[in-house]
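The values are calculated or read from the model by the stated rules, or taken from the named source; none is laboratory data. This is a predicted model, so every value here is computed, not measured. Quick reminder, even Gly has a Cβ in these numbers, built from the backbone with ideal geometry, and neighbours come from all protein chains shown. SASA here: full protein model, heavy atoms, side chains in, ligands and nucleic acids out. Shrake-Rupley method; radii C 1.70, N 1.55, O 1.52, S 1.80 Å.
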Amino acid sequence: MAITSHLQRDRHGLARDHLAARVSRLGGRYLLTCIAGLSLAGSAWSQAWRVEPTAAASVVATDNVTLAASAAAQSDQILTFAPQLLLRGSGASYRLDGSLGATGVHYMRHTLSDRVLPSAHLGLNARVVDRLLFLDSRVDADTTGVDPFRSVGDGVTTYNKQTVYRSRLSPYLDRELSSQTRLTLRSDNTWARIGTAETTNGVATTTVTPPNASTYVQTDLLRLETQPRPLGYQLEATRLDTLTRQQGTESTVLNDTLRAVLLYAPDPDFYAGVRFGRDKVDYSTVHIADTFTGFGLRWAPSARTNLDAQVENRFFGRAWLANLVHRSPFMTLSANFSRQLTSYAQSLATLPTAGSTSTMLDQIYRVSIPDASKRADVIRSLITKYNLPDTTSGPLDIFSDRPQIQESGGLSVAFLGVHHTVTFNIFQQKTIDLPGSEQGVTLPSRDVLQRGATLGLIRRLDPNTALDTGLSYTRSDDLGVVGRETTSRGVRLGLSHKLSPRSDATAGLRHNLVTSTVGVAEAKESAAYVGMTHRF
């Protein structure tokens, strides 16, 4: 990695063309790479494989399918059918885990276009050379919200939603040079493509995120580290190269960073360190080169509690990152605060973002179910059994062709009792573009403050029946236009019942209220739903 080289604009143009060609070439080879990785497993294929098909169907009756004003509200009945295939396999040198499926959505009164929303989360981890060379690869398809100033709706309607397709290929070298020293060399390559947003009578519901955009993110890392006993160090070089394409335009961001960290650990459970390094950033017509300093610490008094914190004075101001996790058999608490340099392409590469239901449940059961595979089975079963949404309320990614400063904070708490499960999530995220001339599509509302909270309660009435309730609140404020804001409030009441060891039925009611100074001043929606899931 030529981390310290700084491309001039004419050279960067050539590099960009080369990058675009590599995107096309490697993207087409991605699936073949996954298949080849499985073929290398050879006779280990039949050692430990599990395939579990499931099917879910539901009917939703709503009185305002697009959350329009009362005078323009349209009622509809929405039919969905969602087959899914859970896959899990492992051998001597690989592990495959994930799911493949799709949700077909049919509007009986044709208020919106019928759609098929793919859903895929499939990861392959392979050991190519024992204790030296490894390969991570992944394919994902997620349905996400588009415009933070419109309602995202529940997990059924396709209004204000789009599908993001991602594939990642990550070869890496991980070598222990001694009992204290480790060398890591890794290259993460992620391709993402945004599907077309929902339309109403041929008119797009949003212009905040352009449809059919594609991104490529390459992150190269070279790290040499020695564990502090009591002194240690980390030497790190990274290169972040992103390419975004949309309607014939391209934008690139190149960020090279050199970092050195000196560590001191007076106690095995605690260490602190000073950090210093140098940044080089190239985007649009902007060229930045600057040094930075900072400090960090880590405190892990037990296997259940962990605190990491870092602060650096970067060229865009003070950057920080703090994560606190505490787990017990009956409670989990997770707090995250950060102010970092990012980009829209990076955000797409790391979906799903905040608000993942499976992530929250994973934190709950991490102590009581240490095995990751068994824990994943329990989480999938709970989401199906109680008809939980795939995501809780969380911030949406804001399209931009320039680097962004993203300042965010979140707190998640969950309590697991004999008869009750309570979850609470609160978040805030502010996204601001760095200054610079436009490279591609000019879009409004890119400097946005998003905040929200959700509260959920599951009450087990008997071994086969449970009642679940949920409250949600989100608000989006345009930081560039005073008074431009949208607020959404929702309440849900549902009932689930186990019909058999492999079948679950759900039914419920929901109500949403959206107030906004953008478009519709006030919109209300009430809906009832009933559904069934069967595992074959």
**Study point:** For segment 255-294 versus segment 476-536, the gap between their alpha-carbon centres in whole angstrom
**Key:** 43
Review point. Leaving out ligands, DNA and RNA but keeping every protein chain, what accessible area does M331 have, in Å² rounded to the nearest 10, with a 1.4 Å probe?
Key: 50
Revision key, fill the gap. Quick calc: nm separation of the 7 Å Cα→Cβ label points for N464 and N336 -> 3.9
**Study point:** Solvent-accessible area of T257 with every protein chain in place, 1.4 Å probe, in Å² to the nearest 10
**Key:** 10
Review point. With every protein chain left in place, what is the accessible area of K430 in Å² (1.4 Å probe, nearest 10)?
Key: 70
Point to revise | Equivalent-ellipsoid semi-axes of segment 68-117, from the Cα gyration tensor, Å, largest first | key: 40, 10, 7
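May I ask you to compute the full-extension gain from Y264 to R182, defined as 0.36 nm times their residue separation minus their alpha-carbon distance, rounded to one decimal in nm? All intermediate terms of the calculation are to be shown ahead of the outcome.
On the way: separation 82, 0.36 × 82 = 29.52 nm, distance 1.72 nm.
Here the answer is 27.8 nm.
Largest first, how would Y233, Y94 line up by accessible area (1.4 Å probe)?
Values: Y233 75, Y94 10 Å².
Ranked from most to least accessible, the order is Y233, Y94.
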Check your understanding: Which of the peptides 74-85, 121-132 is most tightly packed, and how do the rest follow, going by the mean number of other Cβ atoms within 10 Å of each residue?
Key -> 74-85, 121-132
Review point. Say R0 is 25 Å: what FRET efficiency, to the nearest 0.05, do K374 and F81 get from their beta-carbon distance?
Key: 0.30
Exercise for review: List every residue whose amide H lies under 5 Å from the amide H of S400, counting only residues 5 or more places away in sequence or on a different chain, with H placed 1.01 Å from N in the peptide plane.
Suggested key: Y344
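Assuming R0 = 60 Å, what is the FRET efficiency of N306 and A72, from their Cβ-Cβ distance, to the nearest 0.05? Each step should come with its number before you reach the end.
Values: r = 51 Å, r/R0 = 0.85.
That pair, N306 with A72, gives E of 0.75.
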